[in-house]
Amino acid sequence: EPMDRIVVGDVGFGKTEVALRAVMRVVDEGRQAVVLCPTTVLAYQHLKTFEQRFEGFGVRVELLSRFRSASERRSVLKAVAAGEVDVLVGTSGVLGRQVRFSDLGLVVVDEEHRFGVRQKERLKRFRVEVDYLALSATPIPRTLHMALSDLRAFSLIASPPRDRLPVRTSLVRHDAGRIRQDVLRELQRGGQVFFVHNRVSSIQSV
């Protein structure tokens, strides 16, 4: 019975690490794995991560995205069909009919909720045939319902990695002094601040 599991955890808690180890197990058995990402930027990040981790193991990792030329795409597709590519990383293009795998063993989907209905229908077919691993920091209610109903296996990474501070959420009234204090504290420790504002017209003044 093929695995159908969703791994949930905060950003930086180790979901990609789980995917790396799962992919290595599959490749070690002589089968192929595909890593599906919602954006080209994320696909490129995963490509670099997988290449660095699998360096020295003889694992061939390739990228399929819209930034690849037509000749590069043809070359990658030919290698995938021949079984020469062990891990294929890409965006929704890897779900296309022209993509043929020699012996696919695992599908890893990062941020599954960001894919549309058509892609999810195609992914549903994958889930019947091969092992399926979905990674998400924010699963949609339908996915959670399926997990809680035992229709899909569910794993939660609740412990942060060593030396990582837990996420702390505060809901407070708007207070410029408090905002300044929090921003300065983060900058003084060498961190970064991401400030979200909901009015384009006043974003400059904010």
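Data overview
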item: Residues located in the stretch 146-197, provided they are without any contact (Cβ under 8 Å) to a residue 12 or more places away in the chain, touching a Pro at 6+ places or on another chain (Cβ under 9 Å) and hydrophobic (A, V, I, L, M, F, W, C); result: none
item: Residue 91 being in contact with an Asp or Glu (Cβ under 9 Å, 6 or more places away or on another chain) and over 20 Å from residue 154 (Cα atoms); result: no
item: Residue 142, sole failed condition from (1) at pLDDT 90 or above; (2) under 21 Å from residue 3 (Cα atoms); (3) open to solvent by 80 Å² or more (accessible area, probe 1.4 Å); result: (1)
item: Residues (touching a Ser or Thr at 6+ places or on another chain (Cβ under 8 Å) and in contact (Cβ under 8 Å) with a residue 40 or more places away in the chain) located in the stretch 115-141; result: 115, 134, 135, 136
item: Within the stretch 55-136, strands (runs of 3 or more DSSP E) holding 3 or more residues that are modelled with pLDDT of 85 or more and of a type in the set (Asp, Glu); result: none
item: Any hit, the stretch 41-60, residues being within 18 Å of the chain's Cα centre (by Cα), of a type in the set (A, V, I, L, M) and farther than 22 Å from residue 143 by Cβ; result: yes
item: Residue match in the stretch 122-132 (condition: surrounded by 12 or more Cβ atoms within 10 Å (Cβ to Cβ), of a type outside the set (Val, Ile, Thr) and closer than 20 Å to residue 40 by Cα); result: yes
item: Residue count for the stretch 1-29, restricted to those that are among the charged types (D, E, K, R), assigned to a helix (DSSP H, G or I), closer than 29 Å to residue 165 by Cα and open to solvent by 30 Å² or more (accessible area, probe 1.4 Å); result: 2
item: Test: residue in the stretch 98-113 that is without any contact (Cβ under 8 Å) to a residue 12 or more places away in the chain and either open to solvent by less than 60 Å² (accessible area, probe 1.4 Å) or farther than 18 Å from residue 87 by Cα (or both); result: no
item: The stretch 145-203, residues that are closer than 28 Å to residue 113 by Cβ, open to solvent by less than 100 Å² (accessible area, probe 1.4 Å), of a type in the set (A, V, I, L, M, F, W, C) and in a loop (DSSP other than H, G, I, E, B); result: 158, 167, 193, 203
item: Filter pass, residue 72 being within 24 Å of residue 152 (Cα to Cα), open to solvent by 50 Å² or more (accessible area, probe 1.4 Å) and without any contact (Cβ under 8 Å) to a residue 12 or more places away in the chain; result: no
item: Selection from the stretch 17-54 of residues that are touching an Asp or Glu at 6+ places or on another chain (Cβ under 8 Å) and polar (S, T, N, Q); result: 32
item: Residues satisfying the stated conditions in the stretch 30-68, i.e. out of contact with any helix residue (DSSP H, G or I) (no Cβ under 6 Å at 6 or more places or on another chain), open to solvent by 30 Å² or more (accessible area, probe 1.4 Å) and in contact (Cβ under 8 Å) with a residue 40 or more places away in the chain; result: 30, 31, 39, 42
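The values are calculated or read from the model by the stated rules, or taken from the named source; none is laboratory data. Model, not experiment: these values are computed from the prediction. Neighbour counts run over all protein chains shown; Cβ positions are idealised from the backbone, glycine included. Just the protein is used for accessible areas: all its heavy atoms, side chains included, with ligands, DNA and RNA removed. Shrake-Rupley method; radii C 1.70, N 1.55, O 1.52, S 1.80 Å.
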